[in-house]
Amino acid sequence: MANRIPQIALIAMLAISVIVALLFFLGGDVDPNAEYLEPNNTGMLLGWAYFLVGAVCVVTLVAAGIGFITKISSDAKAATTSLVSIVALALLLCITYFAADTHPLPLVEGTEQSEFDLRISGMCIVSAFILAGIAAFVSLFGFLAKRF
């Protein structure tokens with residue numbers, strides 16, 4: 001039964017995501033005559049996306065912590081490696097947070113943009129690009145290492 005819990009959770013989240021997507025795309029618009037159409041269920045879609053991102057962060061941290069605790073007694077080197085990777089990720093996020101641009105963006109007049117929001121946005125964008133580049137490099141290197 002314990003092995004089926006992740007499968008059930010995945011199926012439930014997929015079903016909810018499909019329902020939210022259908023409501024977003026088929027739920028109509030706030031003002032059909034507006035220059036830019038705004039779907040009725042935009043807030044629900046954004047809320048579900050925030051929940052999924054938060055759930056991924058929590059599950060990742062909990063799994064890394066449990067993995068570290070279980071490995072520390074049997075394989076200290078593997079536990080240290082996983083701890084170093086978590087620390088490296090935290091260091092990457094700190095560096096990209098403080099390196100983020102805080103100049104206000106040219107948006108709709110009267111829109112408030114706090115320095116914190118601009119830093120978080122910049123941190124997320126730059127970190128995503130760096131992590132995607134690292135993942136692509138590791139995938140390519142792993143593929144080439146197996147071939148040659």
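Read-outs throughout are calculated quantities, based only on the coordinates presented, and are distinct from any laboratory measurement. Just so you know, these numbers come straight off a predicted model, no measurement behind them. Reconstructed Cβ throughout: ideal geometry from the backbone, glycine too, with neighbour counts over all protein chains shown.
Quick notes on this structure:
- Debye, to nearest 20: dipole size of the chain, +1 on Lys, Arg Cβ, -1 on Asp, Glu Cβ: 1300
- Gained length - L89 relative to E38, 0.36 nm times residue gap less alpha-carbon distance: 14.8 nm
- Positive-pole candidate from G28, T81, N40, dipole of the range 1-88, charges at beta carbon: T81
- Helix-only CD estimate at 222 nm, as mean residue ellipticity for the chain, using -39500 (n - 2.57) per DSSP H run (n ≥ 4): -27500 deg cm²/dmol
- Coarse-grained scattering of the range 75-148 at q = 0.26 Å⁻¹, given as base-10 log I(q)/I(0) from a Debye sum over alpha-carbon atoms: -1.10
- In this structure the amide hydrogen of D29, modeled in the peptide plane, comes within under 5 Å of the amide hydrogens of N40, none closer than 5 places in sequence on its chain.
- The charge dipole of the range 75-148, taken about its Cα centre with unit charges on the Cβ atoms of Lys, Arg (+1), Asp and Glu (-1) only, comes to about 680 debye.
- Ranked from largest, the principal axis spans of the Cα set of the range 1-74 equal 65, 24, 10 Å.
- At q = 0.11, 0.12, 0.15, 0.21 Å⁻¹, base-10 log of I(q)/I(0) for the chain (Debye sum, equal scatterers on each alpha carbon): -0.74, -0.87, -1.18, -1.31
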